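Engineer: Here it is, the structure in full.
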Amino acid sequence: MKDENCIFCKLANGEIPTATLYEDEDFRVILDANPASKGHALILPKEHYANLYELDDELASKSLVLAKKMITKLTPILGCDGYNIVQNNGEAAGQTVFHFHMHLIPRSKGDSVGLGWKMSALKDEDKEDILSKI
Ligand code: AMP
Ligand code: ZN
């Protein structure tokens, strides 16, 4: 299913031209319009799924295999030192476009890409709470 109000549906299906790095029957991989670093790309399924909770299982598997293929090909092309694969689900997690996508963000030693979080110590009460409910 496509969502006619979704910009990523239009980009993924070629209705809006965009810089395409790869395309197959399920996905289009494009350059992000606001890159965190040179080569920042997005894997977009051609069908509309709002997020990972909704994503079809087969496409979920294929998207990680595709991420592996893309970063393996792009690492020597870009001359980067590593990659972050980022995938946001929900506004609270930083998702701004509600069509599932994976960010492929090239990283170089000493770069200024600001990914990360403040680490804390795992609390016993949190551990017990989660383990008792899972
Ligand atoms: P997220 O915050 O995980 O939902 O990421 C959305 C990403 O989509 C951001 O990195 C935007 O820069 C990118 N983006 C939004 N519109 C476009 C567009 N028209 N073409 C390419 N990338 C886009
Ligand atoms: Zn969509």
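Engineer: Report the dimensions of the stretch 3-46 along its three principal axes from the alpha-carbon atoms, largest first, rounded to Å.
Structural biologist: Ordered largest first, the stretch 3-46 gives principal extents of 30, 22, 15 Å.
Engineer: If you don't mind, another one. Measure up Lys73/Lys109; Lys10/Lys68; Lys38/Lys118 against 27 Å on the Cα-Cα distance and list the ones that go over.
Structural biologist: Among Lys73/Lys109; Lys10/Lys68; Lys38/Lys118, the Cα-Cα distance tops 27 Å for no pair.
Engineer: Report the full-extension gain for the segment Glu91 to Ile77: residue separation times 0.36 nm, less the Cα-Cα distance, to one decimal in nm.
Structural biologist: My answer for the length gained is 1.7 nm.
Engineer: Calculate the spin-label point distance for Leu31 paired with Ser132, positioning each point 7 Å from the Cα along the beta-carbon direction, and give it in nanometres.
Structural biologist: 5.4
Engineer: Within the P(r) computed for the chain, what percentage of the Cα pairs occupies the region above 17 Å?
Structural biologist: Looking at the chain, the distances longer than 17 Å represent 63 percent of pairs.
Engineer: Suppose only helical runs count, i.e. DSSP H with n ≥ 4. What mean residue ellipticity at 222 nm does that imply for the chain under -39500 (n - 2.57) per run, divided by all residues and rounded to the nearest 500 deg cm²/dmol?
Structural biologist: -9000 deg cm²/dmol
Engineer: Using a Förster radius of 30 Å, what is the FRET efficiency between Val65 and Leu122 based on their Cβ-Cβ separation? Nearest 0.05, please.
Structural biologist: 0.40
Engineer: Let me ask something else. Take every Cα pair under 8 Å in the chain that's 6+ residues apart, average their separations, divide by the length, and report that relative contact order as a whole percent.
Structural biologist: Result for the chain is 23 percent.
Engineer: With the chain treated as a Gaussian network of Cα nodes joined by springs under 10 Å, which of Asn88, Asn34, Asn13 yields the largest mean-square fluctuation?
Structural biologist: Taking springs between Cα atoms under 10 Å, the residue moving most is Asn34.
Engineer: Let me ask you something else. From the P(r) of the stretch 56-134, could you give the percentage of C-alpha pairs in the tail past 19 Å?
Structural biologist: The share of Cα pairs beyond 19 Å in the stretch 56-134 comes to 59 percent.
Engineer: Same structure again: Taking neighbour counts of Cβ atoms within 10 Å as a proxy for exposure, in what order, fewest first, do Phe100, Phe8 appear?
Structural biologist: Least crowded to most crowded, the residues run Phe8, Phe100.
Engineer: While we're on this one: If amide H atoms are built 1.01 Å from N in the plane of the peptide, which residues on other chains or at least 5 residues away come under 5 Å of the amide H of Tyr83?
Structural biologist: Residues meeting the criterion, in which the H sits 1.01 Å from N, are Arg107.
Engineer: Same structure again: If you check each cysteine of the chain for another cysteine whose beta-carbon is under 4.7 Å away, which ones come up empty?
Structural biologist: If one checks each Cβ against the other cysteines of the chain, Cys80 turn up with nothing under 4.7 Å.
Since every read-out is calculated from the coordinates, none of them should be taken as a lab result. Just so we're clear, the structure is a prediction, and the values are computed from it rather than from any experiment. A quick note on method: Cβ atoms are made from the backbone with ideal geometry, for glycine too, and the neighbour counts reach across all protein chains shown.
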